[in-house]
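Take a look at the structure below.
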Amino acid sequence: MSLWRHLTRGLRALTHREATDAELTDELRHYHELSVASHERRGLAPDDARRAAQLEMGNMTVAREQVRSYGWENGIETLVTDVRYALRRLRANPGFTVVGILTLALGIGAATTIFSVVNPILFESLPYPHAERLVTLADRGSDGSALAPTFGTYVELLARSRSFESLAAADRWQPSLTGTGEPERLVGQRISATYFRTLGVAPNVGRDFTAADDEPSSPRVVILSDRLVRRRFGGDHGIVGRAVRLNDDEYLIIGVMPPRFTDVLAPAADIWAPLRAPLRSAFNNREWGHHYRILGRMRPELGGKMVGDELKALAAMPIREFSRPPWADLRNGVLVQRLQEEVAGDARPALLAIIGAVLLLLAIACVNVTNLLLARAAQRRAELAMRVALGAGRGRLVRQLLTETLVLALLGGAGALAFAEVGVRTLIALSPPGLPRADAITIDGPVFVFALVASAAVGLLVGVVPALGSARGLGEGLQGGTRRATGTRSAVRGALVVAEVALALVLLVSAGLLMRSLERLFAVAPGFDASQLLTMQVIDPGRAYRSDTARRQFYERALDAARHVPGVTAAAFTSQLPLSDDLDGYGYEVASTPSVKAGEDGAALRYVVTPGYFTAMRIPLRRGRLLEPSDAEAMPEAVVISESFARRKFGTKNPIGERVRFGPEAGSDRPWDLIVGVVADVKQQSLASTTSDAFYVALGHWSWVDNVQSLVVRTSGDPAALAPAIKRAVWSVDANQPIQRVMTMDGLIALSASQRRFALVIIESFALAALVLAAVGIYGVLSGSVTERMREIGVRSALGATRRSILTLIVRQGLTLVLLGIVIGVGGALGATRALVSLMFDVSRLDPVTYLGVGALLVGVSLLACWLPAWRAARVDPVITLRAE
Amino acid sequence: MSEQNTDVIQGTMDMLILKTLSLQPMHGFGIARRVEQISRGVFKVNPGSLLVALQRLERAGWLDSEWRQTENARRAKFYRLTRAGKKQLEIETADWTRRAAAIARLLEAEA
């Protein structure tokens, strides 16, 4: 009832302001009339009666204002008036408004963009129920880093650990789809039947895997992603129950995952099949390689620490039932990582650095706007003083100024959203291929709220200082010439410029260090000649080549066909390609050091190659000889090792003739391999990687023939142009072989540094924006100061100061601030760049070249910003200035 | 000579207005004059505060108002107690009596 009345009366007052006012006036007049009348009745003369009534009632206007300010509608009315007035003021001063809005849009927009990208990766919980209980388990390497676990470890933990509601294992799987349309290599995972249940999701059509599906002898079944069903099967969910042909085997489709499902361990996965691995097996097969992922859902009552403790105890206490091979003996324990952190993984340092950078930029934008507002407050002093004199309360004035600032900030916020819209799209386009959860990046609700809160907060923040400053001591404002107040204000503005320069310096130094790192990185020799190299993965999926001999024959014939393509000067196959995402290492044992067991000495990268590989890649020979075609059959098997492997294992001794055994053969009684040559180190994981222990054996000498190999082709012309001809050559041998990842080596190198480049591009653009903002800030302060000192400058030049000396005077004033900012900024940069270390390469955080360069750049740009106001000051005509007084 | 305090005791303005209007509908000046008369000049009512209080009470649903003719043919705004207002007056009166008695007891105990 009363709420209703509040609403309706309030609305009526709002919509019928004049009528309400008239009624109020009438009521008050009536009151007055009656008061006068009552005094007259008591015998006072009319004039005296009126005076008495006046005395009794007080000021009618005050009374009316008192009544008028009652009610909620009144607050709205004031707000509307304030906003309208603020808009008018902003329109009247377009220069200030445009610079202010653009600055804020830039700062808040950049922050919103980064927030959009970072939120799903670092902060938003993963799209699974109780995702905080999901962890991944890995072998802990001797240096504490995570090493992909083996299937044996999964089997043991499954049986022994009591910490998990559910455990699951997964392995990469890239089956070739044939039979419907063109052959395609799909991305998927082979998973234990518990995998989806562990994540807490289920197919929305058909059924999930059961334990029976996971038996080694059970029929082959798959579950598809909604995306794949749409793409390849016309979105028909009736596909469930039908069969598809994968790697030349029939698989029954038993389910389709929901459209919004993402498998964060394999974001590109479209197809899942059971592992069907035997829970008991010897150590010498694929199941014992370090290539699995283990996913666990912790029991709700357990904390991460308790789980870690249990696993630590398990790892330290092997039992006979689960014997462990030397390379997976869990000697260093089991690494438990929250799934969320694991997913953010490598991107984390870059993203944190970017967050830092965007906060700096936002800070600079705020400082700049504060500066603008301060400058404007100085210009508006007279206006404000006049309003105080006319009776405006201090609170009312502050409120008005804050409204103005907030309006500015909200306009900036709107601009920021537009900016972020474009920014997010650009970032997704720029993002490195491995950026996790890229599919979840959008401008959504939380981001919008963030932009709004950020703009309001910035508005209040930058509004408070100038508003308080303006309201203080306005009493004397009308008397003009309050020199002291002007003094403190310009000191505040000077301090802001110093802060701005310091912040910009931190950003510029960060960008500089990253830029130098990238430059250094690309200067690193990869260990081979990357120019004019074309690479592609050739996959042999089919049953037709199931036997190792047949598979080998296919690769050899395909190589022969590729070599005959005109423009090809050399070609070879390798099991793993440098600077791609291939990574494949094996333990080994050396005959001359029998005490060191296989795998105890770490692993070496395995390259199974066709003999022409070294010449095709131009990997220099250091000692002995290269692999030759005759090595493919000869015994003992010949091995070529890398320089760093030779140095590490044999020191200064000549390794040629030493006997070694690798991988599954290590520790067995198979015949020893013979080292015949030493070649230069090659960068495998990235140009920054430091591990280059590697061995090369001829195709046919490994325990199996890999069914995914990379063809490297050296060309005499543009390598990319040759791709179609080479693909045709491979297909001339067998048209059913999928070919993928067709890239030039130069392209691969660029890609391998894409994460650094991503961080660099972002921080670079922020640094540039910061530089511009700082320049605008310096310019604003100096030109404000020149305006204020017009008279002083006039007097100086009247007294004989030359233009040159006045120019120097102003420029010196600006440069003093800049230099102070640089000094403070260097201190900040020394600390802040700590966050960048993981992104840096071969450059010291204290790199003098970067600091000197950035300092020079800042001074140069500042000089430009100082020049204009200084030039204006130098042209001051003393006669005009002094006459104006 | 010290000036006597004629401010209405804080928080009691509403009760005084409701009480006054419980006798008959009245306009603003009438209410003010009645309060002053009955309190024998102890309370003086300022029109600004009175009209604000009237608005508040009206919005709370305790008063209704209407414009009508006075005896000397002038339009004036008259306030009238609603049923909810009557109930409110009872509550406030009871409350006030209870407190006043308590204060009185305290003061006597001191003496």
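The values are calculated or read from the model by the stated rules, or taken from the named source; none is laboratory data. Please read all numbers here as calculations on a predicted model, not as lab measurements. Neighbour counts are summed over all protein chains in view; Cβ atoms, including those assigned to glycine, are modelled from backbone coordinates with ideal geometry.
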_Hits in the stretch A:119-178 (condition: in contact with a helix residue (DSSP H, G or I) (Cβ under 6 Å, 6 or more places away or on another chain), buried (at least 19 other Cβ atoms within 10 Å of the Cβ) and basic (Lys, Arg))_ = none
*Answer residue from the stretch B:22-40, given it is of a type in the set (Lys, Arg) and in a helix (DSSP H, G or I) and is nearest to the other protein chains (Cβ to nearest Cβ) among those*: B:ARG33
*Just a yes or no: is a residue in the stretch A:597-611 touching a residue at least 60 places away in the same chain (Cβ under 8 Å), assigned by TED's automatic domain parsing to the domain that holds A:VAL682 and part of a helix (DSSP H, G or I)?*
no
*Could you please let me know if A:ALA725 is of a type in the set (A, V, I, L, M) and surrounded by fewer than 21 Cβ atoms within 10 Å (Cβ to Cβ)?*
yes
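Identify, from the list A:ASP82, A:ASP26, A:ASP47, the residue that is crowded, with 19+ Cβ neighbours inside 10 Å and not hydrophobic (A, V, I, L, M, F, W, C).
Values: A:ASP26 fails: crowded, with 19+ Cβ neighbours inside 10 Å; A:ASP47 fails: crowded, with 19+ Cβ neighbours inside 10 Å.
Checking each option against the conditions leaves just A:ASP82.
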*Given A:ARG297, A:ARG293, which one is under 24 Å from A:ALA603 (Cα atoms), buried (at least 17 other Cβ atoms within 10 Å of the Cβ), in the same structural domain as A:VAL221 (by TED's automatic domain parsing) and basic (Lys, Arg)?*
A:ARG293
*Within the stretch A:1-37, restricting attention to residues that are hydroxyl-bearing (Ser, Thr, Tyr) and touching a Phe, Trp or Tyr at 6+ places or on another chain (Cβ under 8 Å), which residue is nearest to A:GLU77 (Cα to Cα)?*
A:TYR31
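Taking the residues in the stretch B:4-21 that are more than 14 Å from chain A (Cβ to nearest Cβ) and β-branched (Val, Ile, Thr) as candidates, determine which candidate is surrounded by the most Cβ atoms within 10 Å (Cβ to Cβ). Steps first, please.
As a first pass, look at the stretch B:4-21 and keep what is more than 14 Å from chain A (Cβ to nearest Cβ): B:4-5, B:8-12, B:15-21.
If we keep only those that are β-branched (Val, Ile, Thr) too, we end up with B:8-9, B:12, B:17, B:20.
Values: B:VAL8: 21, B:ILE9: 12, B:THR12: 13, B:ILE17: 29, B:THR20: 19.
Once the filter is applied, the top-ranked residue is B:ILE17.
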*Restricting attention to the stretch A:367-386, does a residue exist that is crowded, with 19+ Cβ neighbours inside 10 Å and over 30 Å from A:ALA495 (Cβ atoms)?*
no
*Residue in the stretch A:195-210 that is nearest to the chain's Cα centre (by Cα), counting only those that are within 25 Å of A:VAL135 (Cα to Cα) and not in a loop (DSSP other than H, G, I, E, B)*: A:LEU199
*Is one or more of the residues making up the stretch A:58-71 at pLDDT 85 or above and either surrounded by fewer than 14 Cβ atoms within 10 Å (Cβ to Cβ) or more than 14 Å from chain B (Cβ to nearest Cβ) (or both)?*
no
*Complete set of residues in the stretch A:740-768 that are crowded, with 18+ Cβ neighbours inside 10 Å and either β-branched (Val, Ile, Thr) or in contact with a His (Cβ under 8 Å, 6 or more places away or on another chain) (or both)*: A:THR744, A:ILE749, A:ILE762, A:ILE763
_Residue within the stretch A:12-26 that is without any contact (Cβ under 8 Å) to a residue 12 or more places away in the chain, within 8 Å of chain B (Cβ to nearest Cβ) and part of a helix (DSSP H, G or I) present_ = yes
*Keeping to the stretch A:658-687, report how many residues are within 17 Å of A:SER642 (Cβ to Cβ) and small (Gly, Ala, Ser).*
4
_Qualifying positions in the stretch B:61-90 - of a type outside the set (Asp, Glu), more than 10 Å from chain A (Cβ to nearest Cβ) and closer than 16 Å to A:HIS30 by Cβ_ = B:ARG68, B:GLN69, B:ALA73, B:PHE78, B:TYR79
*Among (1) buried (at least 21 other Cβ atoms within 10 Å of the Cβ); (2) β-branched (Val, Ile, Thr); (3) modelled with pLDDT of 85 or more, which single condition is A:THR405 missing?*
(3)
*Are any residues in the stretch A:305-347 modelled with pLDDT of 85 or more, under 37 Å from the mean Cα position of the chain (by Cα) and of a type in the set (Val, Ile, Thr), and if so, which ones?*
A:VAL307, A:VAL334, A:VAL336
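Which members of the stretch A:704-726 meet the condition of being among the small types (Gly, Ala, Ser) and in contact with a Lys or Arg (Cβ under 9 Å, 6 or more places away or on another chain)? It would help to see each step written out before you state the result.
Our first condition is that a residue be among the small types (Gly, Ala, Ser); within the stretch A:704-726, this holds for A:710, A:716-717, A:720-721, A:723, A:725.
The answer is A:SER710, and nothing else.
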_Looking at (1) of a type outside the set (Asp, Glu); (2) within 25 Å of the chain's Cα centre (by Cα); (3) part of a helix (DSSP H, G or I); (4) crowded, with 17+ Cβ neighbours inside 10 Å, which one does A:PHE841 not meet, given that it meets all the others?_
(3)
*asked:* Looking at the stretch A:29-52, can you tell me whether even one residue there is within 19 Å of B:SER65 (Cα to Cα) and more than 9 Å from every other protein chain (Cβ to nearest Cβ)?
replied: yes
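Looking at the structure I just gave you, is A:LEU3 at pLDDT 80 or above and of a type outside the set (D, E, K, R)?
Details: at pLDDT 80 or above: no; of a type outside the set (D, E, K, R): yes.
Answer is no for this residue.
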*Single residue of the stretch A:89-143 satisfying the filter (without any contact (Cβ under 8 Å) to a residue 60 or more places away in the chain and in a helix (DSSP H, G or I)) that is nearest to the chain's Cα centre (by Cα)*: A:PHE123
*For the stretch B:45-60, how many residues meet the condition of being assigned to a loop (DSSP other than H, G, I, E, B), touching a residue at least 24 places away in the same chain (Cβ under 8 Å) and facing chain A (nearest Cβ under 8 Å)?*
0
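So that you can scan it fast, the table gives a plain yes or no per residue for (1) in the same structural domain as A:PHE151 (by TED's automatic domain parsing); (2) of a type outside the set (S, T, N, Q); (3) assigned to a strand (DSSP E or B); (4) touching a residue at least 60 places away in the same chain (Cβ under 8 Å):
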| residue | (1), (2), (3), (4) |
| --- | --- |
| A:ALA212 | yes, yes, no, no |
| A:ILE223 | yes, yes, yes, no |
| A:LEU228 | yes, yes, no, no |
| A:ARG231 | yes, yes, no, no |
| A:GLY235 | yes, yes, no, no |
| A:VAL244 | yes, yes, yes, yes |
| A:GLU250 | yes, yes, yes, no |
| A:GLY255 | yes, yes, yes, no |
*Yes or no: B:THR93 assigned to a helix (DSSP H, G or I) and touching a Lys or Arg at 6+ places or on another chain (Cβ under 7 Å)?*
no
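Of the residues B:ARG80, B:ARG98, only one is closer than 19 Å to B:LEU16 by Cα, touching an Asp or Glu at 6+ places or on another chain (Cβ under 6 Å) and not in a loop (DSSP other than H, G, I, E, B); which?
So the residue among B:ARG80, B:ARG98 that is closer than 19 Å to B:LEU16 by Cα, touching an Asp or Glu at 6+ places or on another chain (Cβ under 6 Å) and not in a loop (DSSP other than H, G, I, E, B) is B:ARG80.
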